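**Q** Following this message is one structure expressed as structure tokens.
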Amino acid sequence: MTEIREAAAATVSGVKATDWDSLYRAHAERILRYCRRLASSSDAAEELMQETFVKAMRAGSMPVDPDRRRWWLYRIATNAAIDRLRRERILRFVPFTGREQAPDAGSDETDLVRRALRAIPPEQATALVLRLHEGFAPAEIAEMLGIGEAAVKSRLVRGRRRFIEAYDRVGGRL
Amino acid sequence: MTAHADGLILAGPDEARDPATELFLEEHLRECDDCRELSRKVGRLDGLIAMPERPLPVPPRSSANARPARRVIAIAPVAVALVAVGVLAGTALREWRSANDVTSTGAAAERTISFDIKPISPWRTTGTGRATLSSRGDLVLEVSVRGPASEISRPATDPLQPNFIWHLVEGTCASWERNEPGHSVIARWTLVPQHADAQDFRYVVSKADLDPMTRPHAVAAFRNGGGGPLYACGDVASFATSPGASGATATPPGIVALSDQAGCPRTQATDASGVRTANGTIGIVGDTYWSSAAVNDTVLLVRRGAALGDTVGLDFRQLGSSAPASLVSYSVPATLRRTAWGEVAFPFGVKPIGFANSCWRLFVDGTDSGIVLFVGP
């Protein structure tokens, strides 16, 4: 981890179109799956993935180190997902009973997990998905998002607590 | 249950514990039912979140030479590919419609019926459709369905293979679900879906193959091969044009009076490119009607002269009072989407206004666009 921190500043500028193509080929599928866990639909996930690569290209340069390059994309995707989740939360109508609309007949667990993740604070949702679905260690998530490891662990603890409540609200059973 | 045990349990394996703390937790879990239950739930939720997402088809990249060399167009292969696979039903349908523009010769006006594609239990594919009887007498079907990948496409195939064989049938969905005899198949076709879990298409049934279309028909998705089950079906009302028994005035040619609009004057006019618009400056790519079941659909709004980096403020003001909200407001950033109006569009979701039988007038950046949207039953 210390070695990676020391290499943190190394980036490639003047990136050619073919390099962006290579970046896309190498990471698009993973970023898309990450986005799908947080998005309300496949279309929304594709939009988030597209937004991630647009923002990456707007930066004009990319990290040299392959691990940091991957974290860099995840960081962009996470910020985009948080923005989107925040916007969607503003518009969500929750019935006065406090329970959300019952899941459609046949909603599988994956759908319920996605809905519950969208119902908790976006920073906590993304931390849970990065840790549990993407398999990053708390220290890697901290490095990726530019926050302290304690903050990551706090988001995981609070996120788990909120997820348990949210999963019950959307009709899931733990 | 103590707060300390709560925190330890919710931290999961991420928090390093010394042997004394580990021993405390083990003993506590033996004694405390609540904490044991919490520990079980944490284990379960970790497993649920860790469940792998189903693989999604990554949009293929088109040739970089297809676009002029601009820095932002460095991502053109992504954007063009997304359009090429018809990510959004409205975009794909608009392109097909403009490529196959059907205009009235004056001999007979076009007539259009919108319908919902409903799942047939236990299947889950749903969608919307539109049937247009053209002035030439052909039937143009425009359908958009979403559902599990295991229903819409054949599993683990590359390229995608269709699981559905679509039919235009005489009779109702209920009669086909019951396997009632005496109903004929008018046409059948298969088309490769754009995504494993989504299919949008426009299909023309020639006048030569049609019956008078004055009785109920249905658009049905059966399994492709092996006499498979009926997955989803949409009832298409008859195109009979004789005045009703009540003696009500016949529908003027070119205007479709949909009984499900409940008086909502939704925008149907389009410009030459097929974009629905009232003022020529703000438009909707695709339809201005959605079923309330289509709450997860995304709609493309376009604006003349829009550029990447722009953001529009959308105000949806309800006409009538069927929905609990009178105003829905939010902002949407531009995203790369090639449409007839340019390179960018503003996607917004149906969900915030997705109340059954609700009617909305769209204001953009505080200005009335003149566009009215209808969410049906």
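**Q** Just give me the residues in region B:330-363 being assigned to a strand (DSSP E or B), surrounded by fewer than 21 Cβ atoms within 10 Å (Cβ to Cβ) and touching a Gly at 6+ places or on another chain (Cβ under 7 Å), in sequence order.
**A** Passing the criteria: only B:Ser331.
**Q** Related question: Only one residue in B:Arg304, B:Arg276 is of a type in the set (D, E, K, R) and under 21 Å from the mean Cα position of the chain (by Cα), so which one is that?
**A** That would be B:Arg276, the only listed residue that is of a type in the set (D, E, K, R) and under 21 Å from the mean Cα position of the chain (by Cα).
**Q** Which residue out of B:Pro347, B:Pro333, B:Pro352 is facing chain A (nearest Cβ under 10 Å) and touching a residue at least 60 places away in the same chain (Cβ under 8 Å)?
**A** After ruling out the rest, the residue left standing is B:Pro347.
**Q** Could we say that B:Ser369 is among the hydroxyl-bearing types (Ser, Thr, Tyr), within 15 Å of A:Glu88 (Cβ to Cβ) and either more than 10 Å from chain A (Cβ to nearest Cβ) or surrounded by fewer than 17 Cβ atoms within 10 Å (Cβ to Cβ) (or both) here?
**A** no
Yes/no per residue for (1) within 17 Å of the chain's Cα centre (by Cα); (2) assigned to a loop (DSSP other than H, G, I, E, B); (3) at positive phi:
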{"position": "B:Ser175", "(1), (2), (3)": "no, no, no"}
{"position": "B:Glu180", "(1), (2), (3)": "no, yes, no"}
{"position": "B:Ala187", "(1), (2), (3)": "no, no, no"}
{"position": "B:Pro193", "(1), (2), (3)": "yes, yes, no"}
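**Q** So, of the residues in region A:40-79 that are of a type in the set (Gly, Ala, Ser) and facing chain B (nearest Cβ under 10 Å), which turns out to be farthest from A:Ala119 (Cα to Cα)?
**A** Per the stated criteria, the residue is A:Gly60.
**Q** What residue, among those in region A:146-161 that are of a type in the set (D, E, K, R) and within 10 Å of chain B (Cβ to nearest Cβ), is farthest from A:Ala119 (Cα to Cα)?
**A** Filtering region A:146-161 for residues that are of a type in the set (D, E, K, R) and within 10 Å of chain B (Cβ to nearest Cβ), the one farthest from A:Ala119 (Cα to Cα) comes out as A:Glu149.
**Q** Related question: Is there any pair with a first residue in region A:150-166 that is crowded, with 19+ Cβ neighbours inside 10 Å and a second that is of a type in the set (Asp, Glu) whose Cβ atoms are under 7 Å apart and which are 6 or more apart or on different chains, and what are they?
**A** Taking only residues 6 or more apart or on different chains, the pairs are A:Lys153/B:Asp14; A:Lys153/B:Glu15; A:Arg155/A:Glu123; A:Leu156/B:Asp14.
**Q** So which pairs qualify, if the first residue must be in region A:11-26 and under 10 Å from A:Met57 (Cα atoms), the second must be modelled with pLDDT of 80 or more and surrounded by fewer than 16 Cβ atoms within 10 Å (Cβ to Cβ), the Cβ gap must be under 8 Å, and the two must be at least 6 apart or on different chains?
**A** A:Val15/A:Ser61
**Q** For region B:202-223, give me each residue that is farther than 13 Å from B:His167 by Cβ and free of Cβ contacts under 8 Å to residues at least 60 places away in the same chain.
**A** The answer is B:Ala208, B:Asp211, B:Pro212, B:Thr214, B:Arg215, B:Pro216.
**Q** To continue, here is another question. Do we have any residue at all in region A:118-125 that's of a type in the set (A, V, I, L, M, F, W, C), surrounded by fewer than 20 Cβ atoms within 10 Å (Cβ to Cβ) and modelled with pLDDT of 50 or more?
**A** The answer is no; no qualifying residue exists.
**Q** While we're on this one: If B:Leu319 meets every condition in (1) surrounded by 21 or more Cβ atoms within 10 Å (Cβ to Cβ); (2) in contact (Cβ under 8 Å) with a residue 40 or more places away in the chain apart from one, which number is that one?
**A** So B:Leu319 meets the others, but not (1).
**Q** Hey, another quick one. Step by step: first the residues of region A:106-145, then only those that are outside any helix (DSSP H, G or I) and of a type outside the set (A, V, I, L, M), then the one that is farthest from the other protein chains (Cβ to nearest Cβ). Which residue is that?
**A** Looking at residues that are outside any helix (DSSP H, G or I) and of a type outside the set (A, V, I, L, M), I get A:Pro121.
**Q** Could you give every pair whose Cβ atoms fall below 8 Å, whose first residue belongs to region B:4-16 and is facing another protein chain (nearest Cβ under 10 Å) and at negative phi, and whose second residue is of a type in the set (Asp, Glu) and buried (at least 18 other Cβ atoms within 10 Å of the Cβ), counting only separations of at least 6 or pairs across chains?
**A** Here the result reads none, with nothing in region B:4-16 linked to a residue that is of a type in the set (Asp, Glu) and buried (at least 18 other Cβ atoms within 10 Å of the Cβ).
**Q** If I filter region B:31-62 down to residues being more than 9 Å from every other protein chain (Cβ to nearest Cβ) and touching a helix residue (DSSP H, G or I) at 6+ places or on another chain (Cβ under 8 Å), which single residue comes out as farthest from A:Leu132 (Cα to Cα)?
**A** Across region B:31-62, the extreme among qualifying residues is B:Ser62.
**Q** In this structure, is B:Ser326 modelled with pLDDT of 85 or more and in contact with a strand residue (DSSP E or B) (Cβ under 6 Å, 6 or more places away or on another chain)?
**A** The answer is no for B:Ser326.
**Q** Check off (1) modelled with pLDDT of 65 or more; (2) under 21 Å from B:Pro377 (Cβ atoms) for B:Asn279 and give me the number that stays unchecked.
**A** Of the numbered conditions (1) modelled with pLDDT of 65 or more; (2) under 21 Å from B:Pro377 (Cβ atoms), the odd one out for B:Asn279 is (2).
The values are calculated or read from the model by the stated rules, or taken from the named source; none is laboratory data. Everything numeric here is computed off the predicted structure, so don't read it as measured data. Positions of Cβ are generated from backbone atoms using ideal geometry, with glycine treated the same way; all protein chains shown enter the neighbour counts.
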